[in-house]
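> Handing you this structure, nothing more for now.
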């Protein structure tokens, strides 16, 4: 009789929210618009809940949003407006009645230099801002989840870029399924709640932070693990991935995860995001969310449903600044005498789970809740002694007593009491298929060494050039946790963070290519803002005491008008009194440290968009330094470590 594990959990994408995973401040230099009252919503196809639920009964799954085909773009929808500054602004609303939220899918997406796309929730709050660094070589993009039944788009194009932008929306996904939203870790109460059980702090207390004492021995291995933001045609989710060493030991960016992360869906690998070093530095959960380092995009190399493995190659070599490690592996058939796995449950910071007892090869077939049946002896069974796992942990590498990979997490019983995990066996995945697309040996043993085991290594890739620099205030104080983003002409995007002294470094950058670089920082508007700043601005307006530097003048322009007036004072006062939560300006602006203002008394002339070009990188090492400006902070009281 075929064995069966009843009520087995598997993460099957769970279609989680992109917005919760990208809560960090983006590069944002746009004016927040309040002119939506006169914009008419574009008509979308009628959403049929009855038909959709019938589809779900025929094909059970974790779907929470159903697709609506549309044809909406800059040339056939929305309204255009010209501004006195010579810019053009396009605004469009899309509405699907009674939706909990909306996902926006573009088949044409290109934002030229200086232009921005702002996306607002139904309540008018700015969800996110996109610019030229978000352009992809394939021209596609996904935005969401936008809360509520209405999404508002605002595209601002400066005079020098008019006519160059391309935006076309071909699909809007209507979020409808309350129970599946809960199952996908959305908190739902009536309309879609703003509190989402996903990302930082979402996992249960029984999950153990990687920095805890028991995991100190995994200091190298943890640097191979990343959170994956999974993008498919049907939605967005999270899994865990693992950098793998190969017998050439050349640092090829091979990444192992779980097949079921995309099984039954249509993956858009070019939009998958890989977040490294997303973890706490201490055993306790930190008070604020840690930053991470990102690579966008990958291609599929191999995969097999029966042993649940998926092997990808990332779009770019891993920069030295990531301090990445490539895991070793063991393709032999013996079960581990003890084991561990490092993972991102519910997209949370990095956790570890441990078992000090011998594992067993599962002797029975397993029926999973997506009706896939995996054969007997294809999985290892682990009774977890410490820690647990959740949706998002899928794909995490099972490390044996020698810290070599012997499998990856498929699913199991994810309780806090006596959890049990099942892992697809690397031994089975190694050469269990006839073609290279269904096995691991062609990729992990690319040197054809016939090795049974391979140890892990530090990142060996040191070729190309290095773009490094520092980000400081005008007084020379380093600014920590600034996200620096580099975009190459091939569409590859690399993101890194400044350290506590404000320094950053991006390594392994191919030479002779042109790059765009920009910076952004997560922060709150009230950081560094006080009545003392208002007094300084008021004195400037009344010609009693002029602001001393161009940077102070830019910081005073909180309504982003290019002037300093009583309107700026009004916005500052409202934020101080908690009447409003934000300015019309971004929280921070970053300009080249070597910036020479055309007129220091009017620094707004020629102020760039925040994205800067590095033409034809030829030097092995190039420095690019920024000066950071915190809007509203005139007297320099901001906490730069926030």
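> For the chain, calculate the relative contact order in percent as a whole number, restricting contacts to Cα pairs under 8 Å that are 6 or more residues apart.
Relative contact order, the chain: 14 percent.
> Please work out how much length the chain gains when fully extended from residue 212 to residue 457, using 0.36 nm per residue of separation minus the C-alpha to C-alpha distance, in nm with one decimal.
85.9 nm
> On full extension of the chain, what length is gained from residue 501 through residue 625, given 0.36 nm per residue of separation minus the C-alpha to C-alpha distance?
Result: 43.4 nm gained on full extension.
> Sorted by packing (mean other beta-carbon atoms within 10 Å per residue), highest first, where do 142-149, 362-369 land?
Put in order of decreasing packing, that is 142-149, 362-369.
> What angle do you read, to the nearest 10 degrees and between 0 and 90, between the alpha-carbon axis of helix 566-576 and the longest principal axis of the chain?
Approximately 40 degrees, to the nearest 10.
> Relative contact order of the range 208-458: what whole-number percent is it, with Cα pairs under 8 angstrom and at least 6 residues apart?
Computed value for the range 208-458: 23 percent relative contact order.
> Which angle from 0 to 90°, rounded to the nearest 10, does the C-alpha axis of helix 531-541 make with the longest principal axis of the chain?
The two axes meet at around 40 degrees.
> So for each of 298-310, 593-605 I average, over its residues, the number of other beta carbons within 10 Å; can you give me the resulting order with the highest mean first?
298-310, 593-605
> Please give the calculated 222 nm ellipticity per residue for the chain, where each DSSP H segment of at least 4 residues contributes -39500 (n - 2.57) and the sum is spread over every residue; nearest 500 deg cm²/dmol?
Calculated at 222 nm, the ellipticity per residue is -2500 deg cm²/dmol.
> Oh, and also: Go ahead and run the numbers for FRET between residue 602 and residue 437, Cβ-Cβ distance against an R0 of 60 Å, rounding to 0.05.
After rounding to 0.05, the efficiency reads 0.50.
> Right, another one. Here are labelled values, [x] 45; [y] 54; [z] 72, and one is the computed percent of Cα pairs over 34 Å apart for what I pasted. Which one?
Derived directly from the coordinates: [x].
> Indicate the gyration tensor shape class of the range 208-458 (rounded, prolate or oblate), computed on the Cα atoms with a ≥ b ≥ c the square roots of the eigenvalues: a/c under 1.5 is rounded; otherwise a/b larger than b/c is prolate and the rest oblate.
Rounded.
> Moving on to the next point. Could you calculate the contour length gain from residue 530 to residue 84, that is, 0.36 nm times the residue separation minus the distance between their Cα atoms, to one decimal place in nm?
157.3 nm
> Additional query: Would you please put 157-163, 378-384, 276-282, 563-569 in order of how densely packed they are, using the mean number of other Cβ atoms within 10 angstrom per residue and starting with the highest?
Sorting 157-163, 378-384, 276-282, 563-569 by mean packing, highest first, produces 378-384, 276-282, 563-569, 157-163.
> While we're looking at this one, here's another question. Given a Förster distance of 35 angstrom, what is the FRET efficiency for residue 578 paired with residue 418, based on the Cβ-Cβ distance and rounded to 0.05?
So the FRET efficiency works out to roughly 0.15.
> Shifting gears a bit: Using Cα-Cα distances under 8 Å and only pairs 6 or more residues apart, what relative contact order does the range 368-439 have, in percent?
Relative contact order here is 29 percent.
Here, each number is a calculation from the coordinates, and none is a lab measurement. Keep in mind that this is a model prediction, so the values were computed, not measured. Because the Cβ atoms are built from the backbone with ideal geometry, glycine has one as well, and the counts that use them run over all protein chains shown.
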